[in-house]
Amino acid sequence: MDFINGHINKLIFKISIPLILASSVTIITQMFNIFLLGHDEQALYVLSLYIPISFFLTSLIEALQTSNQVVISYQKGSGNNKIHTYIINGFLIGLLVSIGIGLLVSIGMGLLIFITAPLIADYYHVKDEDRMLFLDYVKWMMVTNIIVILNVIVNSSLRGLGKINIASILNILFSLSNIALIFFFVYFLKWGLYSIIFSNLISSAAFLLLGFIILIRLNVIPFKKLSLRLESFYLRKLKTVGIPIFLSYLFIFISTLFFQ
């Protein structure tokens, strides 16, 4: 895709569809999670308590992946897109920093949830028999979320590079594999709520690895002359694009947290 000379209407269409698809993957997967869990009352109850936290994670994911795509596409359009050689300066740093920020924020938020999960359980008056399952589910989902965020960062980098078809195919395959794994874990291994954790962890790790392989094959991530210098341009885009998106989703998190 040519973000500089391409026709604006075609570019809007080609970019908006993958973005909608990327944002819909989480929602579609969550719907199938509930459906496949069937009539397990305890699992459905704990899953409903987790909804506010899932919206918070969604706000973080949307903010990081959108700002990352803006940075990558801007740098590519500015001429820092030497795909067959080395990607330097803001383009490469934008990709590496986005992964670093995703990792750091995920770990930070995971530690926060580890500490506050018992308080959340008290606030919701979680039954004693469900408390341990709720706490375990929240903590393990925070660990899984690290891989999930890194996966969406890699996918948004592909979209920023103009590899829309590849990113869309990866999104569809990710959703299908996630649903298939949940089905297998629920109906054959009888893992209940933990099926969601393991399916997310396995599918996210697999497609993160696949995405990295694609980026390496495109010569986007060279293993020589890597610079870890923090680019101010990326931070500005994270501030002007990522934070407003995060805040817009944050209102949904607040409303579900206090009116659950």
Scanning segment 29-71 for residues that are surrounded by fewer than 16 Cβ atoms within 10 Å (Cβ to Cβ) and β-branched (Val, Ile, Thr), the one nearest to PHE183 (Cα to Cα) turns out to be ILE34
Quick one: in segment 184-196, which of the residues that are part of a helix (DSSP H, G or I) and at pLDDT below 90 is farthest from GLN30 (Cα to Cα)?
TYR187
Working only within segment 173-206, note down all residues that are surrounded by 18 or more Cβ atoms within 10 Å (Cβ to Cβ) and among the aromatic types (Phe, Trp, Tyr).
PHE174, PHE185
Could you pull out the residue among SER177, SER204 that is part of a helix (DSSP H, G or I) and farther than 20 Å from ASP136 by Cα?
SER177
Report whether or not PHE184 is farther than 21 Å from ASP130 by Cβ and without any contact (Cβ under 8 Å) to a residue 40 or more places away in the chain.
yes
Candidates SER175, SER199, filtered to the one that is free of Cβ contacts under 8 Å to residues at least 60 places away in the same chain and among the polar types (S, T, N, Q):
SER199
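The values are calculated or read from the model by the stated rules, or taken from the named source; none is laboratory data. These numbers were taken from a predicted model, which means no experiment stands behind them. Don't worry about glycine lacking a Cβ; one is built from the backbone with ideal geometry, like all the others, and counts go over all protein chains shown.
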